[in-house]
Amino acid sequence: MTRAPRRRVLVLSGALLVLIAALLVGILVGPAGLTVRGVLLELLDALPFVDVDSGLSTRQQAILWNIRMPRVVLGALVGAMLAIAGAAYQGVFRNPLADPYLLGVSSGAGLGATLAIALGGVLGMAGVPVAAFVGGLLAVAATYALGRTAGGARSEVVIILAGVAVAAFANAAQTFALQLSDDSLRQVYTWLLGRLATDGWSDVVVVLPYVAIAAAVVLLHRRTLDVMGVGDVEAASLGVHPARVRLVLVCVATLGTAAVVSVSGLIGFVGIVVPHAVRLLVGPGHRMLLPLSLMAGAAFLVLADVVARTVMSPAELPIGVVTAAIGAPFFLLVLRRSRGGL
């Protein structure tokens, strides 16, 4: 094995170890007092043909499998999807400030969730994830249709501007809906600030197929994204169809993002912070950037959730507040570094 592949294997192995460590921290930290030995033995006991006594009580086992594990796994899925979607958006639009909310997905999902909460008597809280999912997809469809109508040689710039316009419209509609239903304000803002509270494994089962498909498609285009980095004309001369690739990646990244946002609420800055942090470590090549962003995003959000549920214990801080506290200064740093290229 040559030096470059060996380095890639070492970096990916290190990222995997960091992710595993973050998952263990997420499982262990909490008031129930689970031990490292007990958790590891319980996880080992879950493997086929393995029978060991973890020493955990029935109550501790219930906490591990029905509360801690679903929340940690959901946090990993949400963080991984937001991070790899952010890296994909930055690649296809060649814009370092692009993130999963660029095309209006957050505003559309927020409007959908607000309408579902305001119409609680009709839809109930069970309809919030569905409404958020539909709202996010409709917003992105409107963005892309508007961008394609305007067209032009710089289609990626036009689509970004269309996303800003659609987001502004959705935000205005959301504000109007809130004014009509003051009693829903608390529920709406709780959702908008993000949360990873789960009722068992149901949310994980819902989002897992979307995340798996979206992440797989993005990873399969990692070499194509490197080619597109030289520009649409040059990429077309090398046999790449930039418009087609951009449409495919935007659709799958948005589909995955809308799915995770529908169950987690709006968790901002992950799609900016994680890809840029990874890019500073390994460079801009998407062969390493995308898989590392996937693992780093999962670890980042799991650890952010640990902070959210412990810093004000027994109360819980919205996880969106934690990611914003980290992401806002980082966003300003990125903006400062990128001002010459925007």
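The values are calculated or read from the model by the stated rules, or taken from the named source; none is laboratory data. All of these numbers come straight from a predicted model, not from anything done at the bench. Virtual Cβ from ideal backbone geometry, glycine too; neighbours counted across all protein chains shown.
Couple of notes before you dig in:
- Cβ pairs under 8 Å, 6+ apart, first in the stretch 72-83 and closer than 18 Å to residue 309 by Cα, second of a type in the set (D, E, K, R) and part of a helix (DSSP H, G or I): 72/305; 74/203; 75/305
- Test for residue 94: is it out of contact with any helix residue (DSSP H, G or I) (no Cβ under 6 Å at 6 or more places or on another chain), touching a residue at least 12 places away in the same chain (Cβ under 8 Å) and of a type in the set (Lys, Arg): yes
- Counting the residues of the stretch 221-276 that are hydrophobic (A, V, I, L, M, F, W, C), assigned to a loop (DSSP other than H, G, I, E, B) and surrounded by fewer than 17 Cβ atoms within 10 Å (Cβ to Cβ) gives 2.
- Tally, over the stretch 40-60, of residues that are touching a helix residue (DSSP H, G or I) at 6+ places or on another chain (Cβ under 6 Å) and closer than 25 Å to residue 79 by Cα: 0
- Scanning the stretch 159-187 for residues that are hydrophobic (A, V, I, L, M, F, W, C) and more than 18 Å from residue 101 (Cα to Cα) gives 176, 177, 178, 180, 185.
- Here residue 129 qualifies as modelled with pLDDT under 85 and surrounded by 19 or more Cβ atoms within 10 Å (Cβ to Cβ).
- Residue within the stretch 46-57 that is part of a helix (DSSP H, G or I) and surrounded by fewer than 17 Cβ atoms within 10 Å (Cβ to Cβ) present: no
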